[in-house]
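The structure appears right after this line, and notes come after that.
The values are calculated or read from the model by the stated rules, or taken from the named source; none is laboratory data. Keep in mind the model is a prediction, meaning the values are calculated, not measured. Because the Cβ atoms are built from the backbone with ideal geometry, glycine has one as well, and the counts that use them run over all protein chains shown. We work out accessible area using only protein heavy atoms, side chains counted, and drop any ligands, DNA or RNA first. Shrake-Rupley method; radii C 1.70, N 1.55, O 1.52, S 1.80 Å.
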Amino acid sequence: MTPRAILAALALTALTACTVPIPDSGSAVGFDNSLEEQRQREAALARNPFALPDVDTQPLGAPLDGSPESTAAETTRILNETRPGAADTAPLSGSARPVEAAPIVVENPGISDENDFDAVAERQTIESDAARIANNKAQYEVVQPEALPTRSGDSQPNIVSFALETKHPKGQSVYARAGFGGESRAERNCADYTSSDQAQIDFLERGGPVRDRRGLDPDGDGYACGWDPAPFRRASGG
């Protein structure tokens, strides 16, 4: 054998020694998927088939649970038990009987029900309205106006009547006045009165407007201490 043949043989021997065995692709870690094991499992399943529902335990002719017939029957039962008036007549079953809510009655006499048409219609009619209107008209009482009573025991001048009897405006001289220092005297004496109305009443009591004993009307218009008859005239429409 030549040296070259010897070297080739040694190399082939070395490669054979280093070859890694390839595992069976049909098996996996933790599982035995060999053909024999698979056959054993199939045989075990064949000996223990899935149990079918026991149809003898259900009433004759009753549909199986989950079927369309069962769903339709349950829907019909629920509708019959929940229809109006069925709570008093429906027999007790496994499901709870629907509870009908009691009507809410509000008892408060302080609240008016005039806006409730049904409530008013029960009490009032067209005939009762006509009778009530006629009764109200029968109770009408017309009060005729009377003259104002005359005050007795009071001789005090009435400045309202005086204002309506006169026509000239404030500041227009009508009556003659004499003497010097009339303005200062009027200012001093008018301070004795709380209002121009009181000054005008005292002025008329002392002989005014013709006479001016205290000098309350220095311009001679007949109005003491700046009293003005215009508001009384406007109030009476004059």
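Placing a label point 7 Å from the Cα of Arg233 along the Cα-to-Cβ direction, the residues of the range 196-222 with a backbone N closer than 14 Å are 221-222.
Highest mean first, how do 139-147, 123-131, 213-221 rank when packing is the count of other Cβ atoms within 10 Å averaged over residues? Don't skip to the answer; put the middle values down first.
Values: 139-147: 5.0, 123-131: 9.6, 213-221: 19.4.
Going by the mean number of other Cβ atoms within 10 Å, highest first, we get 213-221, 123-131, 139-147.
If I model a spin label at Arg39 and Ser70 as a point 7 Å from the Cα along the Cα→Cβ vector, what separation in nanometres do I get? Output for this residue pair reads 4.1 nm.
Computed over the range 112-238, the alpha-carbon pair-distance distribution with 5 angstrom bins reads 2, 9, 14, 15, 10, 7, 4, 3, 3, 4, 5, 5, 6, 5, 4, 3, 1, 0, each value a whole percent. Heavy-atom accessible surface of the range 125-238, averaged per residue, reaches 72 Å², computed with a 1.4 Å probe.
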